[in-house]
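The values are calculated or read from the model by the stated rules, or taken from the named source; none is laboratory data. Note that the structure is a prediction, hence the values are computed from the model and not measured. Here Cβ is always computed from backbone atoms with ideal geometry, including for glycine, and neighbour counts include all displayed protein chains. With ligands, DNA and RNA removed, areas are computed over all heavy atoms of the protein, side chains included. Shrake-Rupley method; radii C 1.70, N 1.55, O 1.52, S 1.80 Å.
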Amino acid sequence: IEYNNLTNCVKMLGADFFVFLLVMVIAIGLLFMMVWHLIMVDELKNDYRNPVDFSSNLNMLILPEYGLHVFITLLLLGFGYWFTFAWNAPLVGYHVWRYLKRPTMSGIGVYDPTVVMNRTNLTFYSREGFIKLGFYVISFLIYLYNMMVALVVALT
Amino acid sequence: VQSTLPPHPSSVQSTLPPHPSSVQSTLPPPPIGQSFPPPGGHSHPPPPGGHSLPPPPAGGQSILPPPPGSQSLPPPPAGGQSMLPPPPGGQSILPPPPGAQLFHPPPAGQSFPLPPPGGQSSGARPMTQGPQYTSSGGMTSGLVGPPTMSLVGPPPPSHSQAPLAQRYPHSVPPGTSEVSTTNYPPGSQYPSYGQTQPPLTLMQKQLQLPELQPVNLLENRNILPTQPLEHPLPSLPGHLVSRGPDPGVFCCSMNSIPATSSLLNKMKLPLAIHIHPFKDSKAKSCPVINPSVIVRCRVCRAYINPYVSFTDARHWRCNMCFRTNIVPEDYDYNPHSGKRGDRSHHTELKHSSVEYIAPSEYMVRPPQPSVYFFIIDVSYPAVESGLLGVFCRTLLDNLSRLPGDGRTMVGFLTYDHALHFYNLKSSQTQPQMLVVSDLSDVFIPSPHSLLVNLRESKELVKNLLEDLPKMFTDQRGIQSALGAALQVAEKLLHPIGGRITVLQSTLPNYGPGALKMKETSTSALKKDQLSTSASTDFYKKIALECSAQQIAVDLFVFSNPTQFIDLATISTVAKYSSGQIHYYPDFHHTKEIPTKRVERDLKRYLTRNIGFESVMRIRCTEGLSLHTFHGNFFVRSTDLLSLPNVNPDHGYCMNLAIDESLKDYSMVCFQAALLYTSYRGERRIRVHSLCLPVSDQLPQLYAGINLLATTAVLAKMGVDRVTTATLGDARDALLNTVQDATKAYRSNIASSMQASQFTLPSSLKLLPLFCLSLLKHPAFTLNAGISIDPRVQAMNLILTLPLNYLLVNIYPRLYALHTLSDKDTLDREGEDIVSPPVLQLSAEKLSRNGVFLMDYGKGMYIWVGKETPPPTIKQIFGLLHFGAIPELMCEIPLQDNPLSKLIKMLIYQIRSSRQHFMPLQVIREDGPQRLLFINYLLEDKTEDGTSYYELLSHVARQLNK
C-alpha cells in the first residue's frame, strides 16, 4: 500500500517536478564547486597554497563539473525544456572549448602549475569563477522557479 | 613650437648667483661620505634638512646655461623643478619640494618652504665641482643627462675650467646634430630668447630633455651611436645614484615609474625588471657581510637597504610597505668611531647589492652538500660523435675543481635502451657496472653506492672516466631512454637535492617519456603557424618533482641541424627546474671549433660558482606587483621563484603591473633576495635593491625609458607568444609594438608639426631598429632554413641570457679593425681597452679594403674585404696578400705591430667578458661562408626579411592610415 502511495504521489507530481528537482540539486553542487574554485584562486593569490596543490586540487574537479553540467543540459534537452536547454548550451560550448584549448598535459584537467601564477591567468581564473558562479546561481533560481511551477500545475 | 625652443629654462638656475635652492641642485652628486653627512646623518626627516636634496639636475647645468646674470629669466625655483621627480599632481611652476622625503608620501601642499640658505643646502659648495659632474654625468643620468644624449655620441670632452656658458654654446654637441631634428639657435641668442619668451610650463620644460629630442627616423640614416649603448641610470638624488646597482645586475625598462596604470597603458610599452642575481661579482660590487642581526621590515620582511629612510634615531621606514620599524639596539653604534647615531659603517646602507651570511633561522635543514650527478646518453650517435671521450676528458681535468667542500658527492649513469649504473663505493677496487634493462618499473641496485663522496672515491671516479669512452665503442643501438634515466636520477638525489647533468645526443625514443619524430615545420612556418609548445608534459612533471626536491637538471644537447631531437619538449625538464640548456647542433670530435666550444663550455660549466636549494623573492613597493615571469624556474608564489640551483649565467625578467596609483610616492623600490646554499655549505642571502623615481609626467616617463631593457623584455614576451600562440602572432606583436609606441608618442607628446612625420623621442629612436633585429633573430625569423631545434634554443637563450649578453645576441656589434687606433681603443692609462666605435649593421658600412670584426653574441667573425691592401693583411694576419688567407681560419696570430696587438686585445676583451666560449672565424669576402656574415647585416635586406628602411616605411604607412 505504501509503495502504491509513493508511485501515486510520483505520478501525481509529474516528471517535470522531479527533473527540475534533480537539476536543481546538481546546480547547487556546481555552485559549491565554483565557491571552492574561488577559494582556491584566492588562496593561491595570497600565498596560502602553492601552484602544484592548486592545480591538482582543481584539476580533479574539472571533469566532474563539466560532466554534471553536460548531464543536466542533456537531461533538459531530453525532456524538451527548450528554454533551459538554450540557457545552458553556451556554457557547454564554452567548456568544450576550454578543454580543447588546455595546455599539453597527460592527466585530466586544465590547470598547468607552471603557468597558473601568471597574473593574466590568475585574473582569468577568478573572473571565470565569478561569472560561472553567477551563472549557476541564476540557473538555480530558474530551476527552482520551474520546479515550483511544475508543482503548482501538478497540484491544481 | 615648443620643440624648437631652446631648452633654457631648465638650465637657468645653474648660472644664477647662488640662490640656495638653485645652487644646491646643480651641484654634482657628492661622493659618499665626502661632503654629505654620512647616511646615518640623514635620519631627521626633511623638510628642509635631511637627505632630501632635489636630484641634481645635470641637465640643468649642462643644457645651455645663458651667461650669468640674465635679468629676465624665470625665477630659479621654476627651473629646478623640471628635474625633480614631480610632486604628485603638481604640474605647476610651484617651487620644487626640496624636502621631498624619500619614500614618504609628500604632504598634499606642494609649496614647501625653500631650504634656509645656511642649512643642509650646501650652498657654499664651490662650483668648481661642476665639471666633475658633467664628466661623470655621461653615465649617471637618465633624466638628468648631460647634454649628450646618453645613447648618442661620446661624452663631451672634458672642459674643466671654462665657464659653463662658454662651454656649451649649443645644447647639442656636434655629434648629435644630425640625429636631432631640432636645431638650436646659436648660443648667443639665448639671453634674448629668455627676454622675449614668457616662462615655460613644466611640461614644456620637460620636453627639452635631451632624451626627448624628437628624431625623425626616415631622415636619419646613422641612427646608431658609435659608442656601445649604455643603460641610462635613474634620476635619483645624487647620493642615491652612486649606490644604485649595476644595471647589468638589476634594471628596469623604465627609469621613471608611471604613477598610474593608465599612464603606462598610454605609452604602450612594457614595464619590466631584469635581474641577474648570481652574476659572478667581485667583492667590491657585492660585499659579503655577517651582521649580528639581519635588519628586516617586520611586516613585509624586506631587507634594510640604502633607500630606506630613518624617521628618527630609533625608527626606520620600510620602502616597500611604508611601515615604521624599530632600529635594533646597537645598530646606531659605530664601533670604529665609537660614536652613537652613526650608521655609516653599515655596508647594507651603502651598497644596493650585498650578501649576508645567513644564520640558522634561514635553514629548514642543514645546508646540503654539493651533489653532481651525470647522466650520459651512450647510444650510437653519442659514441660516434666522440662526445663521450670529450666529456670524460674534460671532467677528468676539472674533477678537483668541482665547486664543493669535503662532502661533495658525484654519481654517474649511462643509458641507451637500458640503464647502466656504476657502483663507486670506496671499498671497491674497480668501478662496477650494473645494468638494468626493465624500464617499466626501474629498480635501483645498491642505492647507497651509486652516489658517492668524491674525496673518498676519487680514484674510482678517475678510473671510470678513463674507461667510459672505451666501454661503448661497439655500440650500435640508437635507442635512448632519457625519461627512465631522469626518473631514476631524481629518485637517487631525492633525499639530498643537487644537480643532474644530462648529455643527450639523440631523440629520446625508448621507455617512459619516449618522443616521436615530428614533421619538420617548414609548412607550418610558411603559414606563420609554427608553435613550439611541448608535445608531452612528461618532462615537465619530472622537472616539477625535481624542483620540489631541490634538484636542477642541466641539459647538454648534441645533434646536427638536420636531426630532430625535440628540444622544445625535453628542454622543459631544465626550464622548470632552473637548469641551463646548452645546444650544440654541429658537434663532432673531428671538427675543431665545435669541439673547442664544447670543451670550454663544459669547463666553465663544471667549475663555475653554483648555489644550491635556493629561492628568490622579489619585493616591490606596495601598489606594484609582478605580472609575468620570464626565465628558467618554477614560480611558487606571487613573488617567489623556486631555483633548485642558481647559476651565474642566468638572468630573470618579470613584467610589472601597477595595481594602485603610486602618486603618493616619490620613489619606488624593488628588492630581489636570493637565499641559497653556497658550495662551501654556507647559507647566504644575496640582496639586490633598485630604487626608481615615480612620475606622472609623460615627458619624464618617455625620457626615462631604458630602451635596451625594453628590447630585451619585448623579446621575452615575443617568445612567450610563440609558445602559447604562433610565430605569426609573435611577429605581429613585435611589429605592432613599434606602431603603437610611435602612435602613442604622437598623441601623448609630439607637437602637431612632428605628428605628421615618423618621429620618436631620442630615448626610443632605436626601437624600430631593435624590433627589426628581433624579427630577424633566429627565434622569430620566417626563414625556413632554420629548423625547429635551433629556433627553440634561440628562444631559450632569449629567456635565460642575462640582459647584456642578450643585447649583443639581438643586435651584434660591428667594429672596423683596419682603422683601430690607440686613441679610440685604449683608455687613458693605455692599459685597458675601451670599446672602439661601433658600426651599424649595414653593408654600406663595410668597405672592400677593410677588415671588420663582428661580435654576434655566440661568436665572432672577422670579415676581410677583397681589396684589403697587402700591408694591412700582413699586419693583421701575418700573410702576404688576401689570397693567402685560408678558407678556414679560426684564430689570428699575434704579430709584432701595434694594430695586431690592439686587435688581439679587443678579441681578448670580448672573450673574457662572456660567460661562454666565443669562437672566432675569419671570413673572406669571396669565401663560401660569406653568407654567415652577410646574414648578420640586419639593416639590409637579407633572406630573413626586409631592410630597415622598408620596415620604417611600412610602419609609416600604417601610421598614416
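Kindly check whether there is at least one residue in segment B:593-615 that is closer than 25 Å to B:C252 by Cα and within 14 Å of chain A (Cβ to nearest Cβ).
yes
For the list (1) closer than 19 Å to B:N220 by Cα; (2) surrounded by 23 or more Cβ atoms within 10 Å (Cβ to Cβ), I need the number of the one condition that B:R746 fails.
Here B:R746 meets the rest and fails (2).
Name the single residue that is farthest from the other protein chains (Cβ to nearest Cβ) among those in segment A:97-127 being closer than 14 Å to A:Y66 by Cα and buried (at least 17 other Cβ atoms within 10 Å of the Cβ).
A:V110
Counting residues that are at pLDDT 80 or above and open to solvent by 10 Å² or more (accessible area, probe 1.4 Å), which strands (runs of 3 or more DSSP E) fully inside segment B:203-320 reach at least 2? Can you show your working first?
Values: elements: B:214-216, B:250-252, B:272-275, B:309-312, B:315-317.
Because the criterion is at least 2 residues that are at pLDDT 80 or above and open to solvent by 10 Å² or more (accessible area, probe 1.4 Å), the strands (runs of 3 or more DSSP E) in segment B:203-320 that meet it are B:309-312, B:315-317.
Within segment B:402-411, does at least one residue satisfy the condition of being free of Cβ contacts under 8 Å to residues at least 60 places away in the same chain, out of contact with any Phe, Trp or Tyr (no Cβ under 8 Å at 6 or more places or on another chain) and under 23 Å from B:E490 (Cβ atoms)?
The answer is no, given that none of the residues of segment B:402-411 is free of Cβ contacts under 8 Å to residues at least 60 places away in the same chain, out of contact with any Phe, Trp or Tyr (no Cβ under 8 Å at 6 or more places or on another chain) and under 23 Å from B:E490 (Cβ atoms).
Search segment B:638-650 for residues being of a type in the set (S, T, N, Q) and outside any loop (DSSP other than H, G, I, E, B), and hand back the single one that is surrounded by the fewest Cβ atoms within 10 Å (Cβ to Cβ). Even if it seems obvious, please write down each step before you answer.
Taking segment B:638-650 and keeping what is of a type in the set (S, T, N, Q), we get B:638, B:642, B:645, B:647.
Right, trim to outside any loop (DSSP other than H, G, I, E, B) and you get B:642, B:645.
Values: B:S642: 22, B:N645: 28.
The residue in question is B:S642.
Starting from residues that are within 14 Å of chain A (Cβ to nearest Cβ) and within 18 Å of A:N46 (Cβ to Cβ), keep the ones in segment B:643-661 and report whichever is farthest from the chain's Cα centre (by Cα).
B:D659
Residue by residue through segment B:533-549, note down the ones that are more than 28 Å from B:P369 (Cβ to Cβ), in a loop (DSSP other than H, G, I, E, B) and either without any contact (Cβ under 8 Å) to a residue 60 or more places away in the chain or away from every other protein chain (no Cβ under 12 Å) (or both). Let's see the steps before the verdict.
Residues of segment B:533-549 more than 28 Å from B:P369 (Cβ to Cβ): B:533-538.
Right, trim to in a loop (DSSP other than H, G, I, E, B) and you get B:533-537.
Across segment B:533-549, the qualifying residues are B:A534, B:S535, B:T536, B:D537.
Pairs, please: C-beta under 7 Å, at least 6 apart or cross-chain, first residue closer than 11 Å to B:M795 by Cβ and in a helix (DSSP H, G or I) and in segment B:715-734, second of a type in the set (A, V, I, L, M) and open to solvent by 20 Å² or more (accessible area, probe 1.4 Å)?
Within 7 Å, the pairs are B:G718/B:A733; B:R721/B:A733.
Restricting to segment B:774-788, what's the tally of residues that are surrounded by fewer than 24 Cβ atoms within 10 Å (Cβ to Cβ) and either without any contact (Cβ under 8 Å) to a residue 12 or more places away in the chain or part of a helix (DSSP H, G or I) (or both)?
Here the count works out to 3.
Kindly indicate the residue of segment B:550-573 that is free of Cβ contacts under 8 Å to residues at least 60 places away in the same chain and within 14 Å of chain A (Cβ to nearest Cβ) and also surrounded by the fewest Cβ atoms within 10 Å (Cβ to Cβ) among those meeting that condition.
Only one residue tops the list, namely B:T569.
Cβ-Cβ below 8 Å, separation at least six or inter-chain, first residue in segment A:47-69 and part of a loop (DSSP other than H, G, I, E, B), second of a type in the set (G, A, S) and buried (at least 16 other Cβ atoms within 10 Å of the Cβ): which pairs?
Final answer for the pair search is A:D47/B:S637; A:N50/B:S637.
Got at least one residue in segment A:75-86 being surrounded by fewer than 20 Cβ atoms within 10 Å (Cβ to Cβ) and within 30 Å of B:P512 (Cα to Cα)?
Among the residues of segment A:75-86, not one is surrounded by fewer than 20 Cβ atoms within 10 Å (Cβ to Cβ) and within 30 Å of B:P512 (Cα to Cα), which makes the answer no.
Residues B:K743, B:K823: which one is out of contact with any Cys (no Cβ under 6 Å at 6 or more places or on another chain), more than 30 Å from B:F278 (Cα to Cα) and modelled with pLDDT of 85 or more? Steps first, answer last, please.
Numbers: B:K823 fails: modelled with pLDDT of 85 or more.
The conditions single out B:K743.
Take the residues in segment A:1-57 that are open to solvent by 70 Å² or more (accessible area, probe 1.4 Å) and under 15 Å from the mean Cα position of the chain (by Cα), then tell me which one is nearest to A:A154 (Cα to Cα).
The selected residue is A:L22.
Is it fair to say B:R604 is of a type in the set (D, E, K, R), within 30 Å of B:K350 (Cβ to Cβ) and in contact (Cβ under 8 Å) with a residue 40 or more places away in the chain? Break it down stepwise before answering.
Details: of a type in the set (D, E, K, R): yes; within 30 Å of B:K350 (Cβ to Cβ): no; in contact (Cβ under 8 Å) with a residue 40 or more places away in the chain: yes.
In short, no.
Mind checking which pairs have a first residue in segment B:623-637 that is more than 22 Å from B:F322 (Cα to Cα) and facing another protein chain (nearest Cβ under 7 Å) and a second that is hydroxyl-bearing (S, T, Y) and in a strand (DSSP E or B), Cβ under 6 Å, 6 or more apart or different chains?
Partner pairs satisfying both residue conditions: B:F634/B:S642; B:R636/B:S642.
Taking A:M60 as meeting all but one of (1) more than 14 Å from chain B (Cβ to nearest Cβ); (2) farther than 27 Å from B:F538 by Cα; (3) modelled with pLDDT of 90 or more; (4) surrounded by fewer than 19 Cβ atoms within 10 Å (Cβ to Cβ), write down the number of the exception.
(2)
Can you name the residue in segment B:908-932 that is under 17 Å from B:G850 (Cβ atoms) and in contact with a strand residue (DSSP E or B) (Cβ under 7 Å, 6 or more places away or on another chain) and, of all such residues, is surrounded by the fewest Cβ atoms within 10 Å (Cβ to Cβ)?
Checking each candidate, the answer is B:R930.
Could you tell me how many of the residues in segment B:331-356 are open to solvent by 40 Å² or more (accessible area, probe 1.4 Å) and either in contact (Cβ under 8 Å) with a residue 60 or more places away in the chain or part of a loop (DSSP other than H, G, I, E, B) (or both)? Don't jump to the end; show me each part of the working.
First, the residues of segment B:331-356 that are open to solvent by 40 Å² or more (accessible area, probe 1.4 Å): B:333, B:335-341, B:345, B:350-351.
Checking which are either in contact (Cβ under 8 Å) with a residue 60 or more places away in the chain or part of a loop (DSSP other than H, G, I, E, B) (or both) leaves us with B:333, B:335-338, B:340-341, B:345, B:350-351.
Final tally of qualifying residues: 10.
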